[in-house]
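Have a look at the structure below before the remarks.
The values are calculated or read from the model by the stated rules, or taken from the named source; none is laboratory data. The structure presented is a predicted model; accordingly, all values stated were derived computationally and were not measured. As a convention, Cβ positions derive from the backbone with ideal geometry for all residues, glycine included, and neighbour counts pool all protein chains shown.
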């Protein structure tokens, strides 16, 4: 009996507990071990430093490579130090252009112009000058960068205005059938430290891609050129930010059809430490070779950089006397040539070789036949006109002719005019370096040098009746002087 | 023993052997707490103050046995890396003992999603914003020296070279990715490339991709938490005040414009697990 009571008491005690417990708790939650990332196992990637391009046996050359600084360019000198050093190691000279007014002048002697991430626009005149430079054989290198555009944020309105450098270089590149897309390339699967740092392993065969196995660009726009060469192509996993798709027709670098315009979508790869990653240093060396490979066809518009030797021999033809006016004009020329460190010497005989400036009148044509004949010039017997290939008949009076010939033994510039006075005017035009009064076609130029002495009649007039004042009559109004 | 004595004996037995144990049982039963589903709200970015408050609530939930499960209710764009990681690690401790369920109200982006993947189940509204997996960092300046500031090494002022900072961000990203893969596991219907794209998805799309589990409300999350904890007749309680927290202020995390507008940019440079909404960009 008593034993039963114990059980009853126990039940009475437990039932409420169980009832409440079961009312709230239907089981025990699973005890588990929660897996978390093994942070210690993560190791920071390091830049894959490649074989640095050897500096031994670098072929020495010459040339001036201009770096544009006139368009608020978004780079620091240190950013492009590797390229500039590669140029200098090859015997090239690096110069910068800080104002647009000197562009035309400097492009007369430069091998290449380098434009890096501009943030102000190129004027139509600048584009014309650069196009002419490229057509003469100069090289144009354009580096844009997806990480270097300007962004302005209006905190009040919350709007952001972006000024990518692509908008500023595309007007310049359109003429060469190249366009830089306003995007960036990325690769999430395989990259150099960050998704926007792209490996390139597929190269178009060209001197610029010589000895390259793998390079990396760091935040590059994609570039395309239907007629040109896409030098660096990404893998299928390399996508454009504009549409998250791979475009095999675009890449990180493009060379124009004529081979004179090289465009990169990035210039960060030129800066430390990225210039030594993979084969980037070899690529930079190839770019330096490309820039210094720009050899302009020297045309009259390259004056005063027509001559390559340290001495320019000035040969006055027999009909030209070294008057004070002529000597004054030659000294003006000497000033213009100082920039090229060229010395002027007067030659008394026809120079056989070396750089020569010939000063002559049309009357000296026979004497100067060796200089004139290559240009197929014929002077008519009447003495009124000259016939020039591509120009037709030109009046002799008041016109001067420039003839430029590039030779292995020396370059020759021949100046011809009707009279010594016209010749002086022509020489002054040439010395000024401004050919705005001239028509230049390749190596022949015609300049208007005034009316010319022969145009005036003996009375000093224009062959018309000269009005002479009639003697004063008594009806004339008296002057205070009487 | 007469009838009266017998009656009293029966009463005595009933009182002693039934009523008393029953009362004692009832008293003892009352000591069994009604289960609580704790709710931790995060309606802010993750930065030192908000992280500390979250950790205080998590610790309270760990220490109090009546709290059988926790619901994290998010409306957060994420925040600093270190504060996110701190909360993430404390969440792991909590999860080892109690189920945790996420409900995304407005947004669970970046760092907030980092925390969400360390829970057992994720609910989202159809238009909640979920994802934005990745890291944002401000690269330090190229080292320079100043006349009036003296330091003892080139990176004393700047912390690290720019390239090293970039690679550091990759490590943080790798940690985030691993957290997502571990937390979501086979529920993910997308690959690593899509996860790391940094996209932010609407709730419906997030569920389709396995970034979240189901569309649902806070009530759904509470029910789910109770189910995982195997409790019934529970009550749900916000843990903020229970944990002894009171509203406090801290230096603003986001930049305030002079016109009083809160901008989506943090006030300090650094590394962030943060979603910065796209501003209208004109070109």
Subset of the range A:20-66 that is within 7 Å of chain B (Cβ to nearest Cβ) and not in a loop (DSSP other than H, G, I, E, B) - its residue that is surrounded by the most Cβ atoms within 10 Å (Cβ to Cβ)
A:20
Specify which of the listed residues (B:21, B:33) is at pLDDT below 95, closer than 28 Å to residue B:247 by Cβ and within 12 Å of chain A (Cβ to nearest Cβ).
B:33
Under 8 Å by Cβ, and 6 or more places apart or on different chains, what pairs join a residue from the range B:255-283 that is within 30 Å of residue B:161 (Cβ to Cβ) and facing chain A (nearest Cβ under 7 Å) with one that is at pLDDT 80 or above and surrounded by 15 or more Cβ atoms within 10 Å (Cβ to Cβ)?
B:263/B:254; B:279/B:264
Yes or no: residue B:106 surrounded by fewer than 24 Cβ atoms within 10 Å (Cβ to Cβ), within 30 Å of residue B:219 (Cβ to Cβ) and either more than 12 Å from chain A (Cβ to nearest Cβ) or in contact (Cβ under 8 Å) with a residue 40 or more places away in the chain (or both)?
yes
With the structure loaded, tell me whether residue A:330 is assigned by TED's automatic domain parsing to the domain that holds residue A:448, part of a helix (DSSP H, G or I), touching a strand residue (DSSP E or B) at 6+ places or on another chain (Cβ under 8 Å) and touching a residue at least 60 places away in the same chain (Cβ under 8 Å) or whether it fails that test.
yes
Would you check which residues across the range A:164-183 are buried (at least 22 other Cβ atoms within 10 Å of the Cβ), more than 13 Å from chain B (Cβ to nearest Cβ) and part of a loop (DSSP other than H, G, I, E, B) and list them?
A:178
What's the number of the only condition in (1) within 12 Å of another protein chain (Cβ to nearest Cβ); (2) buried (at least 18 other Cβ atoms within 10 Å of the Cβ); (3) not in a strand (DSSP E or B) that residue B:113 fails to meet?
(1)
Give A:423, A:388, A:379 a once-over and let me know the one that is in the same structural domain as residue A:352 (by TED's automatic domain parsing) and at pLDDT 85 or above.
A:423
Is at least one residue of the range A:200-214 within 17 Å of residue A:258 (Cα to Cα), surrounded by fewer than 20 Cβ atoms within 10 Å (Cβ to Cβ), in contact with a strand residue (DSSP E or B) (Cβ under 7 Å, 6 or more places away or on another chain) and assigned by TED's automatic domain parsing to the domain that holds residue A:268?
yes
Exclusive hit being over 30 Å from residue B:136 (Cα atoms) and either at the interface with chain A (Cβ under 8 Å from one of its Cβ atoms) or surrounded by 14 or more Cβ atoms within 10 Å (Cβ to Cβ) (or both), set B:90, B:53, B:66, B:85
B:66
With criteria (1) at pLDDT 85 or above; (2) farther than 28 Å from residue A:105 by Cα; (3) part of a loop (DSSP other than H, G, I, E, B), residue A:471 comes up short on (1)
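Okay, residues lined up against (1) assigned by TED's automatic domain parsing to the domain that holds residue A:206; (2) under 26 Å from residue A:87 (Cβ atoms); (3) within 35 Å of the chain's Cα centre (by Cα):
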site	(1), (2), (3)
A:283	yes, yes, yes
A:309	no, yes, yes
A:325	no, no, no
A:344	no, no, yes
A:348	no, no, no
Quick check on the range B:160-179. Is at least one of its residues part of a loop (DSSP other than H, G, I, E, B), over 30 Å from residue B:106 (Cα atoms) and either more than 8 Å from chain A (Cβ to nearest Cβ) or in contact (Cβ under 8 Å) with a residue 60 or more places away in the chain (or both)?
yes
Here is a check on your reading of the model: is residue A:210 more than 14 Å from every other protein chain (Cβ to nearest Cβ) and touching a helix residue (DSSP H, G or I) at 6+ places or on another chain (Cβ under 7 Å)?
yes
Test of understanding: among A:242, A:281, A:272, which residue is part of a loop (DSSP other than H, G, I, E, B) and in contact with a helix residue (DSSP H, G or I) (Cβ under 9 Å, 6 or more places away or on another chain)?
A:272
If a residue has to be outside any strand (DSSP E or B) and under 30 Å from residue B:103 (Cα atoms) to count, how many in the range B:130-159 make the cut?
4
State whether one or more residues within the range A:294-306 are at pLDDT 90 or above and in contact with a helix residue (DSSP H, G or I) (Cβ under 8 Å, 6 or more places away or on another chain).
no
Quickly run through the range A:80-137 and pick out the residues that are in contact with a helix residue (DSSP H, G or I) (Cβ under 9 Å, 6 or more places away or on another chain) and on the phi > 0 side of the Ramachandran plot.
A:91, A:117
Please go through the range B:14-40 and give me each residue that is over 20 Å from residue A:21 (Cβ atoms) and surrounded by fewer than 16 Cβ atoms within 10 Å (Cβ to Cβ), ordered by number.
B:14, B:15, B:16, B:19, B:20
If I filter the range B:233-266 down to residues being in a loop (DSSP other than H, G, I, E, B) and in contact with a strand residue (DSSP E or B) (Cβ under 8 Å, 6 or more places away or on another chain), which single residue comes out as nearest to residue B:37 (Cα to Cα)?
B:234
